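A short write-up of the structure that comes next.
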Amino acid sequence: MRIGSFTWWFSICFISIAAGVIWWNQRTPQAQPSSSATNTVSNHTQQRSQPTQPAPTPEPIQVIFTGDVMLDRNIRTYAETAGYQALIGEQLQAVLLGADLVVPNFEGPITENASVSQGSVVGSPNNFRFTFSPDSVTFLEAFNMQLVNLGNNHMNDFGAAGRQSTLTYLDAAAIASFGHTDPEGNQQRWHIENFEHGSIGFVNYNQFVPGGREAAFADLADITPQADFVVVVTHWGNEYQQEPNLALEELAHAMVDAGADLIIGTHQHVIANHEVYQGAEIYYSLGNFVFDQYFSPAVQEGLIVTAAFDFDTATITTETDRVTMTKPGVTELAE
(Lines give C-alpha, C1' and ligand atoms only; values in the text may rest on other atoms or scores of the structure.)
Protein backbone atom coordinates (compact mmCIF):
# COMPACT_ATOMS: atom_id res chain seq x y z
CA MET A 1 0.00 0.00 0.00
CA ARG A 2 2.78 2.35 0.86
CA ILE A 3 4.61 1.72 -2.48
CA GLY A 4 1.40 2.00 -4.50
CA SER A 5 0.46 5.21 -2.77
CA PHE A 6 3.90 6.63 -3.54
CA THR A 7 3.57 5.67 -7.23
CA TRP A 8 0.17 7.23 -7.41
CA TRP A 9 1.46 10.39 -5.78
CA PHE A 10 4.48 10.59 -8.16
CA SER A 11 2.26 10.22 -11.21
CA ILE A 12 0.03 13.04 -10.03
CA CYS A 13 3.07 15.33 -9.56
CA PHE A 14 4.53 14.53 -13.02
CA ILE A 15 1.23 15.22 -14.71
CA SER A 16 0.89 18.52 -12.86
CA ILE A 17 4.39 19.65 -13.82
CA ALA A 18 3.85 18.73 -17.49
CA ALA A 19 0.56 20.57 -17.53
CA GLY A 20 2.26 23.62 -16.02
CA VAL A 21 4.99 23.64 -18.69
CA ILE A 22 2.40 23.45 -21.44
CA TRP A 23 0.40 26.27 -19.86
CA TRP A 24 3.55 28.45 -19.53
CA ASN A 25 4.62 27.89 -23.11
CA GLN A 26 1.19 28.88 -24.33
CA ARG A 27 1.35 32.13 -22.36
CA THR A 28 4.90 33.13 -23.44
CA PRO A 29 5.13 34.58 -27.02
CA GLN A 30 7.48 32.58 -29.21
CA ALA A 31 10.56 34.52 -30.30
CA GLN A 32 10.16 35.62 -33.95
CA PRO A 33 13.12 35.52 -36.31
CA SER A 34 14.87 38.85 -36.27
CA SER A 35 14.01 40.98 -39.28
CA SER A 36 16.97 43.31 -38.79
CA ALA A 37 19.16 41.49 -41.31
CA THR A 38 16.43 41.65 -43.98
CA ASN A 39 15.84 45.30 -43.28
CA THR A 40 19.53 46.03 -43.42
CA VAL A 41 19.84 44.34 -46.78
CA SER A 42 16.74 46.11 -48.03
CA ASN A 43 17.94 49.48 -46.80
CA HIS A 44 21.37 48.86 -48.28
CA THR A 45 19.77 47.98 -51.57
CA GLN A 46 17.72 51.15 -51.52
CA GLN A 47 20.69 53.30 -50.62
CA ARG A 48 23.07 51.74 -53.13
CA SER A 49 23.83 54.36 -55.77
CA GLN A 50 22.60 53.53 -59.23
CA PRO A 51 25.25 53.15 -61.93
CA THR A 52 25.94 56.55 -63.54
CA GLN A 53 25.04 56.60 -67.21
CA PRO A 54 27.98 57.92 -69.25
CA ALA A 55 27.29 61.16 -71.07
CA PRO A 56 26.71 60.55 -74.79
CA THR A 57 29.79 61.21 -76.90
CA PRO A 58 29.18 64.32 -79.03
CA GLU A 59 29.05 63.71 -82.75
CA PRO A 60 31.86 65.33 -84.76
CA ILE A 61 30.97 68.56 -86.55
CA GLN A 62 30.93 68.09 -90.33
CA VAL A 63 32.22 71.06 -92.33
CA ILE A 64 32.44 70.96 -96.12
CA PHE A 65 34.98 73.17 -97.91
CA THR A 66 34.61 73.96 -101.60
CA GLY A 67 36.76 75.57 -104.22
CA ASP A 68 36.07 78.77 -106.14
CA VAL A 69 32.47 79.95 -106.54
CA MET A 70 32.07 82.49 -109.36
CA LEU A 71 28.50 83.70 -109.98
CA ASP A 72 29.01 86.15 -112.85
CA ARG A 73 29.66 85.85 -116.59
CA ASN A 74 28.00 82.73 -118.12
CA ILE A 75 27.06 81.34 -114.71
CA ARG A 76 25.02 84.46 -113.96
CA THR A 77 23.31 84.27 -117.34
CA TYR A 78 22.24 80.68 -116.71
CA ALA A 79 21.13 81.37 -113.13
CA GLU A 80 18.98 84.31 -114.23
CA THR A 81 17.05 81.91 -116.44
CA ALA A 82 17.06 78.62 -114.51
CA GLY A 83 17.41 79.94 -110.96
CA TYR A 84 20.41 79.78 -108.65
CA GLN A 85 19.37 76.43 -107.21
CA ALA A 86 19.82 74.89 -110.66
CA LEU A 87 23.57 75.46 -110.41
CA ILE A 88 23.99 72.37 -108.17
CA GLY A 89 22.95 68.83 -109.12
CA GLU A 90 20.56 66.92 -106.87
CA GLN A 91 23.07 64.39 -105.51
CA LEU A 92 25.52 67.13 -104.64
CA GLN A 93 22.74 69.16 -103.05
CA ALA A 94 22.06 66.28 -100.67
CA VAL A 95 25.74 66.11 -99.69
CA LEU A 96 25.92 69.84 -98.96
CA LEU A 97 22.70 69.87 -96.96
CA GLY A 98 23.90 66.91 -94.88
CA ALA A 99 26.79 68.91 -93.40
CA ASP A 100 26.69 71.19 -90.38
CA LEU A 101 28.30 73.97 -92.39
CA VAL A 102 29.55 74.59 -95.94
CA VAL A 103 32.41 77.05 -96.48
CA PRO A 104 33.07 78.17 -100.08
CA ASN A 105 35.60 80.59 -101.50
CA PHE A 106 33.26 83.35 -102.73
CA GLU A 107 35.08 84.74 -105.75
CA GLY A 108 33.60 88.21 -106.14
CA PRO A 109 31.53 91.01 -104.56
CA ILE A 110 27.76 91.31 -104.37
CA THR A 111 26.65 94.65 -105.76
CA GLU A 112 23.78 96.29 -107.61
CA ASN A 113 26.11 97.20 -110.45
CA ALA A 114 25.38 95.79 -113.87
CA SER A 115 27.62 92.92 -114.87
CA VAL A 116 30.47 93.85 -117.18
CA SER A 117 31.62 90.27 -117.71
CA GLN A 118 28.39 88.93 -119.20
CA GLY A 119 28.85 88.82 -122.95
CA SER A 120 32.40 90.19 -122.75
CA VAL A 121 35.15 89.08 -125.09
CA VAL A 122 37.09 86.15 -123.68
CA GLY A 123 40.47 87.40 -122.45
CA SER A 124 39.42 91.04 -122.29
CA PRO A 125 39.77 92.99 -119.00
CA ASN A 126 36.01 92.97 -118.38
CA ASN A 127 35.94 89.21 -118.82
CA PHE A 128 37.83 88.93 -115.51
CA ARG A 129 35.99 91.62 -113.56
CA PHE A 130 33.20 90.15 -111.47
CA THR A 131 30.13 91.35 -109.63
CA PHE A 132 27.42 89.04 -108.34
CA SER A 133 23.72 89.83 -108.31
CA PRO A 134 22.02 90.43 -104.95
CA ASP A 135 19.95 87.36 -105.88
CA SER A 136 23.10 85.26 -105.52
CA VAL A 137 22.55 85.31 -101.74
CA THR A 138 19.79 82.77 -102.39
CA PHE A 139 22.48 80.40 -103.69
CA LEU A 140 24.37 80.59 -100.40
CA GLU A 141 21.19 80.17 -98.35
CA ALA A 142 19.97 77.22 -100.40
CA PHE A 143 23.15 75.19 -100.00
CA ASN A 144 24.02 75.61 -96.34
CA MET A 145 26.78 78.15 -97.00
CA GLN A 146 26.46 80.09 -93.76
CA LEU A 147 30.13 81.09 -93.69
CA VAL A 148 32.10 82.29 -96.73
CA ASN A 149 35.71 83.19 -97.41
CA LEU A 150 36.03 86.61 -99.08
CA GLY A 151 39.83 86.80 -99.12
CA ASN A 152 40.62 86.43 -102.81
CA ASN A 153 41.81 88.40 -105.84
CA HIS A 154 38.30 89.33 -107.10
CA MET A 155 36.71 90.73 -103.95
CA ASN A 156 38.09 94.18 -104.83
CA ASP A 157 36.88 94.17 -108.45
CA PHE A 158 34.40 96.94 -107.58
CA GLY A 159 36.54 98.62 -104.94
CA ALA A 160 35.70 99.50 -101.36
CA ALA A 161 32.05 100.08 -102.26
CA GLY A 162 31.85 96.53 -103.59
CA ARG A 163 33.37 95.12 -100.40
CA GLN A 164 30.96 97.04 -98.20
CA SER A 165 27.99 96.11 -100.35
CA THR A 166 28.95 92.45 -100.04
CA LEU A 167 29.06 92.63 -96.25
CA THR A 168 25.71 94.42 -96.19
CA TYR A 169 23.97 91.70 -98.19
CA LEU A 170 25.62 88.89 -96.25
CA ASP A 171 24.75 90.44 -92.90
CA ALA A 172 21.12 90.86 -93.96
CA ALA A 173 21.00 87.13 -94.71
CA ALA A 174 22.80 86.22 -91.45
CA ILE A 175 25.69 84.75 -93.43
CA ALA A 176 29.06 85.13 -91.70
CA SER A 177 32.29 85.86 -93.53
CA PHE A 178 36.02 86.10 -93.02
CA GLY A 179 39.03 87.02 -95.13
CA HIS A 180 41.63 89.67 -95.75
CA THR A 181 40.14 91.97 -98.40
CA ASP A 182 40.90 95.54 -97.34
CA PRO A 183 44.37 96.72 -98.42
CA GLU A 184 44.24 99.20 -95.53
CA GLY A 185 43.51 96.41 -93.04
CA ASN A 186 40.38 98.10 -91.63
CA GLN A 187 38.38 94.96 -91.08
CA GLN A 188 37.82 91.90 -88.91
CA ARG A 189 39.66 89.26 -90.91
CA TRP A 190 39.09 86.05 -88.92
CA HIS A 191 35.98 84.33 -87.63
CA ILE A 192 35.17 81.86 -84.83
CA GLU A 193 32.20 79.55 -85.29
CA ASN A 194 30.82 78.24 -81.99
CA PHE A 195 29.13 74.86 -81.68
CA GLU A 196 27.62 73.11 -78.67
CA HIS A 197 30.80 71.30 -77.66
CA GLY A 198 33.54 73.57 -78.99
CA SER A 199 34.64 76.13 -81.55
CA ILE A 200 36.39 76.32 -84.91
CA GLY A 201 38.42 79.34 -85.93
CA PHE A 202 38.80 80.42 -89.57
CA VAL A 203 41.77 82.45 -90.84
CA ASN A 204 42.44 83.58 -94.40
CA TYR A 205 45.72 84.06 -96.22
CA ASN A 206 45.21 86.24 -99.30
CA GLN A 207 48.32 86.39 -101.46
CA PHE A 208 46.81 89.25 -103.49
CA VAL A 209 46.50 91.87 -100.75
CA PRO A 210 49.56 93.80 -99.58
CA GLY A 211 50.77 92.44 -96.26
CA GLY A 212 48.72 89.30 -96.63
CA ARG A 213 51.35 86.98 -95.20
CA GLU A 214 51.98 89.10 -92.12
CA ALA A 215 48.24 89.49 -91.56
CA ALA A 216 47.66 85.74 -91.73
CA PHE A 217 50.30 84.99 -89.09
CA ALA A 218 49.04 87.81 -86.87
CA ASP A 219 45.52 86.36 -87.15
CA LEU A 220 46.80 82.89 -86.31
CA ALA A 221 48.41 84.26 -83.17
CA ASP A 222 45.14 85.99 -82.20
CA ILE A 223 42.76 83.14 -82.88
CA THR A 224 44.69 80.04 -81.80
CA PRO A 225 44.21 80.58 -78.04
CA GLN A 226 40.49 81.19 -78.58
CA ALA A 227 39.40 78.21 -80.68
CA ASP A 228 39.56 74.44 -80.30
CA PHE A 229 40.52 74.03 -83.97
CA VAL A 230 41.98 76.50 -86.47
CA VAL A 231 41.51 76.28 -90.25
CA VAL A 232 43.43 78.45 -92.70
CA VAL A 233 41.71 79.02 -96.04
CA THR A 234 44.24 80.34 -98.51
CA HIS A 235 44.08 82.09 -101.86
CA TRP A 236 47.56 81.51 -103.23
CA GLY A 237 49.84 79.99 -105.81
CA ASN A 238 49.94 80.11 -109.59
CA GLU A 239 46.88 79.42 -111.68
CA TYR A 240 46.68 75.96 -113.29
CA GLN A 241 49.69 74.69 -111.33
CA GLN A 242 48.92 71.31 -109.79
CA GLU A 243 52.11 70.93 -107.76
CA PRO A 244 53.06 73.56 -105.17
CA ASN A 245 56.50 75.08 -105.40
CA LEU A 246 58.96 74.96 -102.51
CA ALA A 247 58.03 78.46 -101.30
CA LEU A 248 54.37 77.49 -101.02
CA GLU A 249 55.21 74.29 -99.14
CA GLU A 250 57.42 76.17 -96.69
CA LEU A 251 54.65 78.72 -96.13
CA ALA A 252 52.09 76.00 -95.48
CA HIS A 253 54.41 74.27 -93.01
CA ALA A 254 55.05 77.55 -91.21
CA MET A 255 51.29 78.05 -90.84
CA VAL A 256 50.93 74.63 -89.26
CA ASP A 257 53.81 75.41 -86.92
CA ALA A 258 51.96 78.63 -85.99
CA GLY A 259 48.78 76.79 -85.02
CA ALA A 260 46.86 75.77 -88.14
CA ASP A 261 45.14 72.37 -87.80
CA LEU A 262 43.94 72.22 -91.41
CA ILE A 263 44.80 74.20 -94.56
CA ILE A 264 42.41 74.55 -97.49
CA GLY A 265 43.86 76.10 -100.65
CA THR A 266 42.01 77.92 -103.44
CA HIS A 267 42.71 80.11 -106.51
CA GLN A 268 44.54 77.77 -108.88
CA HIS A 269 41.38 76.53 -110.70
CA VAL A 270 42.77 72.98 -110.72
CA ILE A 271 43.13 70.31 -108.06
CA ALA A 272 46.61 70.43 -106.55
CA ASN A 273 48.60 68.13 -104.28
CA HIS A 274 47.63 67.07 -100.79
CA GLU A 275 50.01 66.31 -97.92
CA VAL A 276 50.10 65.78 -94.17
CA TYR A 277 52.59 67.79 -92.14
CA GLN A 278 52.91 67.44 -88.35
CA GLY A 279 49.53 65.74 -88.31
CA ALA A 280 47.79 68.59 -90.16
CA GLU A 281 46.29 68.02 -93.61
CA ILE A 282 47.16 70.50 -96.35
CA TYR A 283 45.06 70.72 -99.51
CA TYR A 284 47.01 73.06 -101.77
CA SER A 285 44.08 73.69 -104.11
CA LEU A 286 40.51 72.40 -104.35
CA GLY A 287 40.12 73.72 -107.88
CA ASN A 288 36.82 75.15 -109.10
CA PHE A 289 33.39 74.54 -107.62
CA VAL A 290 31.05 76.79 -109.61
CA PHE A 291 32.89 78.29 -112.59
CA ASP A 292 32.44 78.62 -116.35
CA GLN A 293 35.87 77.39 -117.44
CA TYR A 294 35.59 74.54 -119.94
CA PHE A 295 38.84 74.66 -121.92
CA SER A 296 40.37 71.56 -120.30
CA PRO A 297 39.25 68.62 -118.13
CA ALA A 298 41.44 69.86 -115.26
CA VAL A 299 39.51 73.13 -114.83
CA GLN A 300 36.18 71.32 -115.04
CA GLU A 301 37.02 69.28 -111.94
CA GLY A 302 37.15 70.22 -108.29
CA LEU A 303 37.32 68.72 -104.84
CA ILE A 304 35.06 69.15 -101.88
CA VAL A 305 36.63 68.31 -98.54
CA THR A 306 34.41 67.10 -95.70
CA ALA A 307 36.25 67.66 -92.42
CA ALA A 308 34.95 66.00 -89.26
CA PHE A 309 35.96 68.01 -86.19
CA ASP A 310 35.82 65.74 -83.13
CA PHE A 311 35.86 67.85 -79.96
CA ASP A 312 35.91 64.73 -77.78
CA THR A 313 39.18 63.36 -79.21
CA ALA A 314 40.57 66.69 -80.47
CA THR A 315 41.09 65.23 -83.94
CA ILE A 316 40.15 66.08 -87.52
CA THR A 317 39.45 63.49 -90.19
CA THR A 318 38.80 64.37 -93.82
CA GLU A 319 37.15 62.81 -96.83
CA THR A 320 37.08 64.12 -100.38
CA ASP A 321 34.63 63.95 -103.27
CA ARG A 322 35.21 65.08 -106.81
CA VAL A 323 32.81 67.37 -108.61
CA THR A 324 32.48 68.22 -112.27
CA MET A 325 31.31 71.39 -114.00
CA THR A 326 29.39 71.20 -117.26
CA LYS A 327 27.76 73.71 -119.56
CA PRO A 328 25.66 75.77 -119.17
CA GLY A 329 26.74 76.02 -115.51
CA VAL A 330 25.84 72.94 -113.45
CA THR A 331 28.13 71.38 -110.83
CA GLU A 332 27.53 67.73 -110.00
CA LEU A 333 29.15 64.91 -108.08
CA ALA A 334 31.61 63.09 -110.31
CA GLU A 335 30.70 59.56 -111.35
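The values are calculated or read from the model by the stated rules, or taken from the named source; none is laboratory data. These figures come from a predicted structure and were not determined experimentally. Please note: Cβ atoms are built from the backbone with ideal geometry, for glycine as well, and neighbour counts cover all protein chains shown. Heavy atoms of the whole protein, side chains included, go into the accessibility calculation; ligands, DNA and RNA do not. Shrake-Rupley method; radii C 1.70, N 1.55, O 1.52, S 1.80 Å.
List of remarks:
- On full extension, the segment bounded by Phe128 and Glu59 gains 20.6 nm, given 0.36 nm per residue less the C-alpha separation.
- Relative to the compact-globule estimate of 2.2 N^0.38 Å, the Cα radius of gyration of region 41-200 comes out at 1.48.
- Cubic angstrom per residue, convex hull over Cα atoms of region 220-314: 102 Å³
- Heavy-atom accessible surface of region 82-197, averaged per residue, reaches 43 Å², computed with a 1.4 Å probe.
- Whole-Å distance, taken between Cα centres, linking region 160-189 and region 275-335: 25 Å
- For region 156-172, 3J(HN,Hα) per residue [Karplus equation, 6.51 cos²θ - 1.76 cosθ + 1.60, θ = phi - 60°, Hz, x = Gly/Pro]: 9, 4, 10, x, 4, 5, x, 4, 5, 4, 4, 4, 5, 5, 5, 4, 5
- Within the assembled protein chains, the solvent-accessible surface assigned to Tyr78 is about 50 Å², based on a 1.4 Å probe.
- Estimated inter-spin distance, Ala221 and Thr317, nm [label 7 Å along Cα→Cβ]: 3.6 nm
- In region 44-135, the GluC sites (Glu not before Pro) that fall in loop regions by DSSP, at most 12 other Cβ within 10 Å: Glu112
- Evaluated over region 48-143, the Cα radius of gyration and Dmax, each in Å: 20.3, 82
- Quotient of C-alpha Rg and 2.2 N^0.38 Å, computed over region 63-106: 1.23
- Region 180-236: radius of gyration over Cα atoms, expressed as a fraction of 2.2 N^0.38 Å: 1.12
- Per DSSP, loop chymotrypsin sites (Phe, Trp or Tyr not before Pro) in region 172-228 with at most 10 further Cβ within 10 Å: none
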